[in-house]
Each structure stands twice: as structure tokens, then as C-alpha cells.
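Below is one structure, written out as C-alpha cells; the observations come after it.
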Amino acid sequence: MRAIRTLVSSVLDYAGLYPPASLDEPTVVSNFASLHGSNRAWMLGRLVWPAARLERLSELAAGAAPVAEPPETEGAWPVTALLGDAGTPEFARTAALVRAFNDRHEQVGAPAMRVDSVEFKAADPASVDGALDALPDDVWPYVEIPLDADPRGMIASISGMEAAAKFRTGGVTAAAHPSPKALAGAVAACAQAGVAFKATAGLHRAMRHWNASAGAHQHGFLSLFVGACLLHARKLDAEGLAAMLEDSDPSNFDISDNAIAWQGARIVTREIEEARERFAHSFGSCSFDEPWDDLTALELIPAAGHAS
């Protein structure tokens with residue numbers, strides 16, 4: 001189906017290092033290499049990696065990633081690096097590591113990889129301004145904005161700038177999961193401010209579901225991204241998105257080759273493509289198989305061989 005493929009193309013940033021998977025570094029690199037070369041690679045986005053350990057990534061990727069052949073290497077691995085908090089010495093140090101990493105991996109014969117986005121926390125709008133000024137122009141920043149308070153001020157601080165928001169949508173404890181109302185309000189605030197976003201944590205399943213180990217209902221990545229696309233196209237408001245995030249019944253979604261609809265709100269492939277490019281960028285997950293398998297079980301994408 002073209003609509004669903006457009007919705008989830010390059011949507012999953014693989015974060016196998018992080019909980020609950022917490023895989024070791026060699027396994028994560030091996031998994032990413034396998035996925036990157038598989039017939040499931042169309043859903044794969046970036047490799048999520050801490051900037052402080054980029055040198056280790058360079059070592060592990062030798063022989064696994066393509067070899068750099070400037071000026072452009074086909075199949076180079078895209079990486080998103082996690083920096084220290086804005087306004088701290090760790091931020092400056094890790095930003096410098098990103099620059100050095102990109103310079104090194106542009107050299108002939110190096111593993112072909114590039115950090116094309118970074119992610120960091122910021123305590124206030126002033127620290128956001130300083131952090132963005134310190135970053136290279138060719139690296140896209142995601143500013144992590146907490147959802148336990150009104151996020152609109154922080155979202156406004158990056159409106160009109162070359163930056164996007166990052167929201168934590170779950171975790172290993174119940175307290176780490178924002179309510180549907182809080183998450184929907186933040187996404188709607190981004191839409192109103194013209195700010196793109198990515199999400200991370202807890203989005204292993206397509207629809208809302210109960211996760212016993214976390215002791216919480218977890219959000220569904222399909223619901224979040226369909227809802228965000230509808231919101232971007234002005235087919236849904238914050239209240240409607242909150243209701244969609246609460247919905248755990250896949251039969252309420254009407255997914256055809258050219259469109260996706262929920263409760264009468266409908267979006268076509270062209271609108272999905274525009275929303276993904278300009279607004280709903282990606283989500284981080286420590287598992288690739290679980291989201292893929294959920295879409296397969298719902299018969300939204302064809303089954304394929306596994307890689308991790």
C-alpha cells in the first residue's frame with residue numbers, strides 16, 4: 001500500500017543501545033548493518049548513538065559500513081548523535097566530537113557514515129539559542145522538550161529556526177509515559193508554531209496497548225504518525241489527536257492504497273508525504289522487529305526476512 005509505505009518510510013531511528021533492549025555496541029552495529037542491507041531497509045532511518053562514544057562507532061563500523069568514496073558515497077550510514085545538555089561543557093565537547101567524526105568519515109577509505117542530526121536537552125529558551133549557534137549548519141538539531149510542563153514556550157523558542165522538537169513518549173516506568181492529552185497538545189503546539197518533531201521511547205507497537213513491564217498504556221507509533229499527518233493537513237485538532245492516541249482498535253482506521261482515514265478524517269498519500277517531510281520526522285526505537293512485526297500482523301506491509 002503506497003499510503004502506509006509513505007507514512008513509515010525511513011521512520012524508525014534504530015536505538016538498540018538504549019532500554020529496554022540495552023544491547024551491547026557490537027550487536028547494535030551488526031544489527032544496523034544487517035537492516036541497512038536488507039529488504040526492510042526502506043523503513044529504517046538513522047542509527048542513534050551517543051556522541052561521547054563516536055570513536056567506538058568508527059572502530060566497529062570498519063568492514064560493516066560501505067567504504068567512503070567522496071564526494072558522495074552511496075549507502076552511507078546516517079547517524080543521529082546524542083549530545084550533552086545545552087549550556088554545559090559536555091555539550092561543547094560532544095559537539096566537537098561530531099565535527100571530528102564527520103571530517104574523519106569523509107576521507108577516502110573510511111567507513112561511510114555521517115552524523116546528520118543531533119539531539120540534546122535544554123533547560124530554557126536561552127540555552128537553546130546558544131546551543132543552536134554552536135552547531136554546524138549542516139547538522140539538524142532536535143531539542144528534547146519535556147511534557148510534564150507546558151511545552152509551548154520551548155517550542156516557540158525554536159519556531160522559525162533550523163531545528164525541531166523531540167518528545168519522549170514512553171520509557172521503562174509508568175511515570176515516563178505522557179498522557180494522550182499531553183502528547184497531543186505538544187504535537188498540536190508544534191503544528192501551530194511550524195516546528196517539526198521526532199518522538200522516542202515506548203513506540204514499539206502500532207496501536208495503544210498495555211505494557212505490563214512498564215505498568216502503563218503505551219502509545220502506538222501508527223496512531224501518532226497518522227494523527228500528526230492529519231493535524232498537519234488541518235484535518236484534525238489537538239482534541240481529535242488525543243482521542244486517536246487513546247484508540248486501540250485497528251478496525252477504526254481505514255487504510256487503502258492511496259489514503260488513510262480515521263473517524264471520517266482522511267489524508268491522501270501526497271499529504272502524508274508532505275507531513276512526513278515537513279512535520280512528523282521519525283521515532284526512535286530500541287527494536288526494529290517489534291514495529292515491523294506489528295505492521296505485518298495488521299497486514300499493512302508484507303512479511304520479510306528478519307534482521308533484528
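Each value in this text was obtained by applying a stated rule to the coordinates, not by laboratory testing. The structure presented is a predicted model; accordingly, all values stated were derived computationally and were not measured. In this analysis, Cβ positions are derived from the backbone assuming ideal geometry, glycine residues included, and neighbour counts consider all displayed protein chains.
Structure values in brief
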{"quantity": "Top of 173, 80, 94 by mean-square fluctuation, Gaussian network on the chain, Cα under 10 Å", "calculated": "173"}
{"quantity": "Largest-first principal axis extents of the Cα set of the chain (Å)", "calculated": "53, 47, 38"}
{"quantity": "The range 1-152: radius of gyration and largest Cα-Cα distance (Dmax), Å", "calculated": "16.2, 48"}
{"quantity": "Helical mean residue ellipticity (222 nm; -39500 (n - 2.57) per DSSP H run of 4+; nearest 500) of the chain", "calculated": "-11000 deg cm²/dmol"}
{"quantity": "Check: the chain dipole with +1 on Lys, Arg Cβ and -1 on Asp, Glu Cβ, in debye", "calculated": "340 debye"}
{"quantity": "Gaussian network model of the chain, springs between alpha carbon atoms under 10 Å - residue of 21, 176, 261 with greatest fluctuation", "calculated": "21"}
{"quantity": "Interchain or long-range residues, amide H under 5 Å from residue 211's placed H", "calculated": "216, 217, 218"}
{"quantity": "Using a Förster distance of 30 Å, the FRET efficiency for residue 256-residue 289 (Cβ separation, nearest 0.05)", "calculated": "0.70"}
{"quantity": "The range 117-132 - phi-based ³J(HN,Hα) in whole Hz, Karplus 6.51/-1.76/1.60, Gly and Pro as x", "calculated": "8, 10, 9, 7, 8, 9, 7, 7, x, 4, 5, 5, 4, x, 5, 5"}
{"quantity": "Candidates per GluC sites (Glu not before Pro) in the range 143-239, loop by DSSP, up to 13 other Cβ within 10 Å", "calculated": "162"}
{"quantity": "Theoretical gain in end-to-end length, residue 92 to residue 212 [0.36 nm per residue, Cα-Cα removed]", "calculated": "39.3 nm"}
{"quantity": "Candidates 152, 266, 56, ranked by Gaussian network fluctuation over the chain, Cα under 10 Å, top entry", "calculated": "56"}
